[in-house]
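Okay, so here's the structure we're looking at.
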Amino acid sequence: MTHFSRNLISASIIALFAGMGAAQAQTDIKIAMQLEPPNLDPTGGAAEAIDSVVYLNIFEGLTRFASDGSIEPELAESWTISDDGLVYTFKLHDGVRFHDGTTFDAEDVKFSLDRARAEDSTNAQKQLFAQIADVTVVDPLTVQITLSQPNGALLFNLAWGDAVIVGPETAATNATAPVGTGPFRFVNWVQGDRVDLARNPDYWGPAPALETATFRFIPDPTAAFSAMMAGDINVFSGFPAPENLPQFEADPRFQVLVGSTEGETILAMNNKQAPFDNVLVRQAVAHAIDRQAIIDGAMFGYGTPIGTHFAPHNPDYIDLTAQSNYDPELSKQLLAEAGLPDGFTTTMKLPPPSYARRGGEIIAAQLRAVGIQTEITNVEWAQWLEEVFGSKNYGLTIVSHTEPFDIGIYANPEYYFQYDSQPFRDIMTELTATTDPVKRTELVQAAQRMIADDYVNGYLFQLAALTVAKAEVQGLWANAPVAANDLSAISWKQ
Amino acid sequence: MTRPWRSILIGGALAAVFVLSALISYVWTPFPIDGVDIPNKLRPPGATHWLGTDHYGRDILSMVIVGGRTSLAVAVVAVGIGMVIGVPLGLWAAARRGSWVDEVIMRGNDLIFAFPSLVIAILITGIFGAGAVNAIIAIGIFNIPVFARLTRGAALSLWSRDFVLAARVAGKSSLRISAEHILPNITSLLIVQGTIQFSLGILAEAGLSYVGLGAQPPTPSWGRMLADAQTMVALAPHMALIPGLAIVLTVMGLNLMGDGLRDLTDPRIRMQRT
Amino acid sequence: MIAYILGRIASLFISLIVASLVIFMVVEVAPGDPAAFMLGVNAKPDTVAALRAELGLDVPKAERYLNWVTGMVQGDFGTSYTYRSPISKMVAERLWVSLPLAIYALILSTLIAFPAGIYAASRRGRIGDLGVMAATQLGVAVPNFWFAMILVLIFAINLGWVSAGGFPGWDKGFWACMAALTLPAIALALPQAAILARVMRSSLLDMLDEDFIRTARAKGLTEGQALWRHALKNALIPVLTILGLQFSFLLAGSIIIEQVFYLPGLGRLVFQAITQRDLITVESVVMLLVFAVIVVNFLVDLTYAVVDPRLRARH
């Protein structure tokens, strides 16, 4: 009953706000996404859907990602770095309050970072904080982070949704009733359906144009299409059916935004399982793949071919696609050289996203053309994590690695594709300790070349960020450098 | 020609088209179904590809006749499981009505039936992996209580009839009465229910495919083709229409045949007509 | 009669215990660890272990089963691993969508099927009968997600009469909710109505051939009068069986319809929980559904006993 009446009150608040704004431009928005966040605490789970709702809107970090993927100050006004690169001193914004009215200060920063890197932490990206040795409160508006070794990526790491600042009073309940410092506060979550947010009247920064926002969760691609067409929603972020985009593009009521993500979509090979432990076989697989056919067939043309595990929009990217061009004859030759002139049979486990399920069917046909037979199994994510990621019981799989700048996963020989290379680990160790931008670029490019030379995985394409919106909505991010829907940037044309 | 025969012939012809083409597909298809040809995707029906191509450029005619193998097999075996196990259980329960046998059988049936079928089908495929065999098991299990309950319900009302009483007085065993007097009198009901369960089996396979379970690629099935086509209706309506029609026509054909058979085998109706 | 009811109640409890054991065992062997799923690919093993401890997954299985069952008896269905909120609260919220939808669909299907079945039986072999039978043939043959999509294309996208899906919530008014549930209810009801109409017709026809109906007709009743006065009541037994079966299907079997219309119903909750390995939620919700159906079956059985005195007399 209490729940019901709270709904009623919040509904009437929304109605009140909507009524006030009616004379000017529209001030509410309905944004749909495919997956529902399991909870609303960005420090307590890996699901991207959590960040898609709360990051930048409810929760803020010391730094943040901008729409182009660059790092900007957020709760930290400015910072200084000691000459040895070990001590970062952050100056915090004054007058910031959490949505529950408590004041934000250096103690909250210390609490949040210490909580994330604690022994019993359940932070899904604990490695972000690995080099932090100590967090000290200098005064209420100054906080000092001391590192155990220099880390050129610290400001980048602190911008992640997993590094947002939470209040000690509310940290335990953020999963269902998130309280942050952001421009929007949490109103209501109808599980399975939607999350309602409303503008935070006490926000420390510039007030956003929107009064209220609703996130709706529509898993079914067909339903996504009809919900958009029927006008039930204003924006669909991460539209799941690329085949329908031309229809939206042709319709003046809608706009379609095609941008880039950090998602390197790869055909991962189990580098320690025969015959993929032979580099010739991996090279043969790479040459058997027609990237353009996969992009056209699975993604209906949306996606950029990649030749290594790096995002093409990054200035340090090098195009290595020619090194693994589509050449079935060469592929057969390489298989023969590897002692497998008649090919072989392997397993391919495909997680739920359509890039994997559709891409997998096309790749299976392409591999069959050079003599490699695949037994396809469609798996749920939970099963994928256990069988592929955990026990490495697979031959091939298709996954999009959506974390920004994640080439470091190749330095971990235990990672599911089991690439074990000391030279690569040396490059990554050096990179972590390097802050000089020129030297960093050199190292990053060497890393890209090394994994392409070793044909660790089949590199397919960079996943496109597909957004469909009403034509009058402005300020949407075309690119998705992180999972985020920055509501304060969004407004309606008059 | 009498009406039952007309139904049987029309329905049988419809179903036979799909069953025969499914059988022929073991030796020959117009095009290979495992060849992906992206530049030729989503072609409308034409001279080369009579029914067009799908989103991977595969020939839809070939896909439909091969897909029929999976869809029909899943449904036939699932109904078979239900009948072979369910009907004897129902007859036994009715013959021993009120006893512990009846109680255990019926409560066991209630129990299976109490489980939400689609949820359990999803669980089963989640545990043992998605695929045609697991789809058959998942659908088949839930056919058992359907036939058991129906058989028992119908048999119960027959047990109190005069001709059964006469047989009992004549000293026939429950087993013989069930086989000689009860079963023949409930075949019409079983056939009607069987055709319904058959169509439900085809539809259940389609439903499982829609949520990504059911037959796995590259094995085509009508359900999977239909599920794949859902988002492409605007682009290529034929992709959804053709497997949809295959399902509808087959199910209707089999149901018509079932109706005809029912009219033909039902002794009371036959008696009335003569 | 009282002995009969007591016996049924006893078997009700045995069924529930067996069901809880089966559910727990089936769900617990599913591959996939909920903690690993929640933390994703970058999580360290000690982080996963910490979360497992926090969720209570490190407790032995037998102990977890006992805790789960004793909790349920006291009305505590546990806390969802992924949603981190009480399952009873989530189920209650979802039921406000699923139950009205199931009832709506059942009413629609009965409203269509009873007249259609009776009409077809009364016009046996004539054009009206053929028409109804052809319609039911089509009704059972069309996959419901396919039919649902056509409904959406016509009524939501082209005509714009209703939204394509979603549920406004009962606080937005009764009629808004009924409007949102109308297309899903039709999509669910039509195939059910087709089945029900066929069963209705065939069991009526069986009854019309029965001796006591012939006797009635011999006494001067018309076929129509015989149908209304005698056949209908007796034909209701198989129809009730099917209705009972359909209700249980409608309550949980609307997963696909809930997907197509993105309704926050019970089916979607279970489906999501299965894919996320939210084991405790799967167990509790499936148990609740099973409980509901076992109780409905129990009530249907009692109804048999009332409708058909012959059955009651036997017990």
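Here are the numbers for the structure shown:
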{"item": "Selection within region A:59-94 - in contact with an Asp or Glu (Cβ under 9 Å, 6 or more places away or on another chain) and part of a loop (DSSP other than H, G, I, E, B)", "result": "A:Glu60, A:Gly61, A:Leu62, A:Ala66, A:Ser67, A:Gly69, A:Glu74, A:Leu75, A:His93, A:Asp94"}
{"item": "Residues of region B:176-197 classified as under 22 Å from C:Ala141 (Cα atoms) and more than 8 Å from the chain's Cα centre (by Cα), total", "result": "6"}
{"item": "Qualifying residue in region C:232-252 (condition: surrounded by 24 or more Cβ atoms within 10 Å (Cβ to Cβ), of a type in the set (A, V, I, L, M, F, W, C), at pLDDT 70 or above and farther than 28 Å from C:Leu16 by Cα)", "result": "yes"}
{"item": "Unique residue being part of a helix (DSSP H, G or I) and either at pLDDT below 95 or of a type in the set (A, V, I, L, M) (or both) when the list is A:Val482, A:Val456, A:Val468, A:Val444", "result": "A:Val444"}
{"item": "Test: B:Asp259 is charged (D, E, K, R), in a helix (DSSP H, G or I), within 11 Å of chain C (Cβ to nearest Cβ) and surrounded by fewer than 23 Cβ atoms within 10 Å (Cβ to Cβ)", "result": "no"}
{"item": "Region A:347-364, residues that are assigned to a helix (DSSP H, G or I) and of a type in the set (S, T, N, Q)", "result": "A:Ser354"}
{"item": "Tally of residues being closer than 15 Å to B:Gly80 by Cβ and either over 18 Å from the mean Cα position of the chain (by Cα) or surrounded by 24 or more Cβ atoms within 10 Å (Cβ to Cβ) (or both) across region B:141-150", "result": "5"}
{"item": "Among residues of region C:152-171, those that are within 24 Å of C:Leu95 (Cβ to Cβ), more than 7 Å from chain A (Cβ to nearest Cβ) and without any contact (Cβ under 8 Å) to a residue 40 or more places away in the chain, counted", "result": "2"}
{"item": "Any pair with Cβ under 6 angstrom, 6 or more apart, that starts in region A:323-341 at a residue that is among the hydroxyl-bearing types (Ser, Thr, Tyr) and ends at one that is not in a loop (DSSP other than H, G, I, E, B)", "result": "A:Ser324/A:Ala286; A:Ser331/A:Ala284; A:Ser331/A:His287; A:Ser331/A:Ala288"}
{"item": "Some residue of region A:370-380 being touching a residue at least 60 places away in the same chain (Cβ under 8 Å), surrounded by fewer than 22 Cβ atoms within 10 Å (Cβ to Cβ) and not assigned by TED's automatic domain parsing to the domain that holds A:Gly69", "result": "yes"}
{"item": "Counted residues, region A:45-104 - those being among the β-branched types (Val, Ile, Thr) and under 30 Å from C:Gly40 (Cα atoms)", "result": "6"}
{"item": "Filter pass, C:Val152 being closer than 27 Å to A:Glu36 by Cβ and in a helix (DSSP H, G or I)", "result": "yes"}
{"item": "Selection from region B:155-169 of residues that are surrounded by fewer than 24 Cβ atoms within 10 Å (Cβ to Cβ) and in a helix (DSSP H, G or I)", "result": "B:Leu156, B:Ser157, B:Leu158, B:Trp159, B:Asp162, B:Phe163, B:Val164, B:Leu165, B:Ala166, B:Ala167, B:Arg168, B:Val169"}
{"item": "Residue match in region C:170-189 (condition: surrounded by fewer than 23 Cβ atoms within 10 Å (Cβ to Cβ) and within 22 Å of B:Met252 (Cβ to Cβ))", "result": "yes"}
{"item": "Residue in region A:326-346 that is of a type in the set (Val, Ile, Thr) and part of a loop (DSSP other than H, G, I, E, B) present", "result": "no"}
{"item": "Evaluation of C:Thr281 against (1) modelled with pLDDT of 80 or more; (2) more than 8 Å from chain B (Cβ to nearest Cβ); (3) under 30 Å from A:Met229 (Cβ atoms) (one fails), failing number", "result": "(3)"}
{"item": "Residue identified as more than 30 Å from A:Leu350 (Cβ to Cβ), among the polar types (S, T, N, Q) and touching a Ser or Thr at 6+ places or on another chain (Cβ under 9 Å) among A:Asn270, A:Asn174", "result": "A:Asn174"}
{"item": "Lone qualifier among B:Leu241, B:Leu245, B:Leu213, B:Leu200 - being over 19 Å from the mean Cα position of the chain (by Cα) and not basic (Lys, Arg)", "result": "B:Leu241"}
{"item": "So A:Ala224, is it surrounded by 24 or more Cβ atoms within 10 Å (Cβ to Cβ), within 12 Å of chain C (Cβ to nearest Cβ) and under 22 Å from the mean Cα position of the chain (by Cα)", "result": "yes"}
{"item": "The listed residue being closer than 29 Å to C:Ile256 by Cα, surrounded by fewer than 20 Cβ atoms within 10 Å (Cβ to Cβ) and within 13 Å of chain C (Cβ to nearest Cβ), out of B:Gly108, B:Gly98", "result": "B:Gly108"}
{"item": "Every residue from region C:253-278 that is at pLDDT 70 or above and not in a helix (DSSP H, G or I)", "result": "C:Ser254, C:Phe261, C:Tyr262, C:Leu263, C:Pro264, C:Gly265, C:Gln276, C:Arg277, C:Asp278"}
{"item": "Lone qualifier among C:Thr182, C:Thr110 - being under 25 Å from C:Asn234 (Cα atoms), of a type outside the set (D, E, K, R) and within 19 Å of the chain's Cα centre (by Cα)", "result": "C:Thr110"}
{"item": "Of residues in region A:263-302 being of a type in the set (Gly, Ala, Ser) and at pLDDT below 95, the one farthest from the chain's Cα centre (by Cα)", "result": "A:Ala274"}
{"item": "Count of residues meeting criterion [of a type in the set (A, V, I, L, M, F, W, C) and buried (at least 19 other Cβ atoms within 10 Å of the Cβ)] in region B:43-60", "result": "2"}
{"item": "Exclusive hit being within 11 Å of chain A (Cβ to nearest Cβ), over 14 Å from the mean Cα position of the chain (by Cα) and hydrophobic (A, V, I, L, M, F, W, C), set C:Val69, C:Val91", "result": "C:Val91"}
{"item": "Answer from B:Ile127, B:Ile120 - the residue that is modelled with pLDDT under 90, within 20 Å of C:Phe271 (Cα to Cα), within 19 Å of the chain's Cα centre (by Cα) and within 10 Å of another protein chain (Cβ to nearest Cβ)", "result": "B:Ile120"}
{"item": "Meets criteria (surrounded by fewer than 17 Cβ atoms within 10 Å (Cβ to Cβ) and part of a helix (DSSP H, G or I)) for C:Ala10", "result": "yes"}
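Okay, residues lined up against (1) in contact with a Pro (Cβ under 9 Å, 6 or more places away or on another chain); (2) surrounded by fewer than 18 Cβ atoms within 10 Å (Cβ to Cβ); (3) basic (Lys, Arg); (4) not in a helix (DSSP H, G or I):
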residue: A:Phe405; (1), (2), (3), (4): no, yes, no, yes
residue: A:Pro413; (1), (2), (3), (4): no, yes, no, yes
residue: A:Phe417; (1), (2), (3), (4): no, no, no, yes
residue: A:Asp420; (1), (2), (3), (4): yes, yes, no, yes
residue: A:Ile427; (1), (2), (3), (4): no, no, no, no
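Residue-wise test of (1) farther than 24 Å from B:Leu200 by Cβ; (2) out of contact with any Asp or Glu (no Cβ under 8 Å at 6 or more places or on another chain); (3) part of a loop (DSSP other than H, G, I, E, B).
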position: B:Arg6; (1), (2), (3): yes, yes, no
position: B:Leu20; (1), (2), (3): no, yes, no
position: B:Ile33; (1), (2), (3): yes, no, yes
position: B:Arg69; (1), (2), (3): no, yes, no
position: B:Val74; (1), (2), (3): no, no, no
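The values are calculated or read from the model by the stated rules, or taken from the named source; none is laboratory data. Just so it is clear, the model here is predicted, and its values are computed rather than measured. Here Cβ is always computed from backbone atoms with ideal geometry, including for glycine, and neighbour counts include all displayed protein chains.
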